[in-house]
Amino acid sequence: MAKLRSVPAYAAPTLVIVALTAFLVFALVRLVQVEQAMRVNVDENMLWVVTQAQVASHRLDQAINRQALGDLREDPELRLDILTSRLTLLDDGPQRRYLTNEGLAARLDDALLQMQALRDSATTTEGMNGFDPQRLTPHLDALMASLNRIANRVMMAEWESTGARLDTYHSSLRQVIASIIGIGLSGMVLVMLLVIALRQRRAAQRELMVHRDRLEEEVERHVYRYRQTSEALAQSLDRERGVSEFYRSFAAMVSHQFRTPLAVIDSGLQRLQRRHLQFSPEQRSERYTRLREAVTQMTRLVESSLTAARIDGKQVIASLGRHSLRRIVDELCHLEADVSGTRRLQARHGAEDAWAWCDRTLTEQILANLVENAVKYSPESQPVHLTTAREANQIICRVTDFGRGIAVDEQPRLFERFFRGSAAAGSDGTGLGLNIARHLAQIQHGDLTMCSRPGEGTTFTLRLPAAEVRENGNEQS
């Protein structure tokens, strides 16, 4: 057993493959040899060449006799030329060597001499008497006798050669069959070895999987408590990071934006405290109005700052549902008309109601910011258009004003935090509104984009996912 285990696992398959290859190569070699042996060169097909010469001699004899009987259609001279060409072919290199190897060179020479005698006899006499049967028949008979002997010998040689080739073919065929049997047996052995190897591999895989499962269970038991502790720490760290980002962002906004309104409030109160008796009721009312505007601006800053900080801390969660964007826009227009006493907001709606999958409160906050900016940065004589429509799987609301527009070089930065364009110079603002509006749109799986032409106006487009109307009439409004 120790000796068997020391033999490499791949030794047996290697030997089988080598044997299979050897059988295959041997079979191919024998088949190539048989194919080469079966090729018969036309130049060496002596039986055919000799037969043609015999036929030519008989046709010459027939032509001579028919001409002697008065048949003028016969042409013995043509037949003599054909016989001459056949004998010349026999005297060619390969044919001459073949006949010499068979001991027929003397017969061939005798046939050539008889043919030359025929030609000499035919050419020494002019006219039709040149092919006189009495003068040509002895030479022709001798020629035909030589050709008959050559044909008999060649036929015997061809039979012997054919028999030898058949014996060789049979032997080669048996060898090829034996090789094919060897290939089949080698293939069967190789398949058996492969099946055994696959079974061993499956068994090893099963053992490995069992061992791995046991190891995983053991590791899982050891790391379970550590995993719980790690997850708890990670959650706590995320919460702390969110709270830290919230307070850091809030502090930055307070220090950046709250100074101006606080300075206005402080200055106004100091003046009222020192000179309130010198102010008329109208002047005191004006001062109070400015203070209230400063407080309102500060309140707006606080709300914007808190919203921005909550967004940074990922504490803004959208409560999504089906809501009519047309109804939200109409209510916003009515509210603005009641507050301002004007009807600058003009709503235009598509053919079908624009039902969106959104958070109503966040959507109202976005549109209120856009409307406030449109009213603030456009002439009082120009309206502000609010358009709702459905485009594919989105519900859109466009807020269009006809103000000064936004400079081309400032447009890429318009949604940055604290950025205010040149058109906003001299007016109050936080620089947070559009940044917050875009984030609120993205939280609802939508987006907020802008298109502006300086001197013509600006259009902001809010895109929200579309929602189908509930057929039972219980849709949210």
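No lab work stands behind these numbers, since they all come straight from the coordinates. Being a predicted model, the structure only gives us computed values, none of them experimental. FYI the Cβ positions are ideal-geometry reconstructions off the backbone, even for glycines, and counts take in every protein chain you see.
Please report the net charge: other residues with Cβ closer than 11 Å to the Cβ of His385, K and R +1, D and E -1.
Once all neighbours under 11 Å are counted, the net charge is +2.
State, to one decimal in nm, how far the label point of Ala19 lies from the label point of Ala337, with both points 7 Å from Cα in the Cβ direction.
10.2
Using per-residue counts of other Cβ atoms within 10 Å, averaged over each peptide, order 211-223, 150-162, 133-145, 324-336 from highest down.
324-336, 133-145, 150-162, 211-223
Tally Lys and Arg at +1 and Asp and Glu at -1 over the other residues with C-beta under 11 Å from the C-beta of Ile317: what net charge comes out?
Combined, the nearby Lys, Arg, Asp and Glu give +1.
Mind checking the full-extension length gain between Leu47 and Arg149? Use 0.36 nm per residue of separation minus the Cα-Cα distance, one decimal, nm.
35.5 nm
If you take the beta carbon distance between Leu78 and Val29 as r and set R0 to 41 Å, what does 1/(1 + (r/R0)^6) give as a FRET efficiency, to the nearest 0.05?
0.20
Residue by residue, what Karplus-based ³J(HN,Hα) values in Hz, rounded to whole numbers, does region 406-411 have, using 6.51, -1.76 and 1.60 with θ = phi - 60° and x for Gly and Pro?
10, 4, 4, 6, 8, 4
Local charge sum around Leu104 (other residues, Cβ-Cβ under 9 Å, Lys/Arg +1, Asp/Glu -1)? Working shown, then result.
Working: positive: Arg107, Arg149, Arg153; negative: Glu102.
Here the charged neighbours net out to +2.
At 0.36 nm per residue, minus the direct Cα-Cα distance, what do Gln442 and Ile181 gain on full extension? Give it in nm, one decimal, please.
Numbers: separation 261, 0.36 × 261 = 93.96 nm, distance 7.53 nm.
Gain on extension, Gln442 to Ile181, equals 86.4 nm.
State, to one decimal in nm, how far the label point of Glu218 lies from the label point of Glu410, with both points 7 Å from Cα in the Cβ direction.
Reported label-point gap for Glu218 and Glu410 is 7.1 nm.
Between Arg202 and Ala106, what is the label-to-label distance in nm when each label sits 7 Å out along the Cα-to-Cβ direction?
According to this spin-label approximation, the distance is 8.2 nm.
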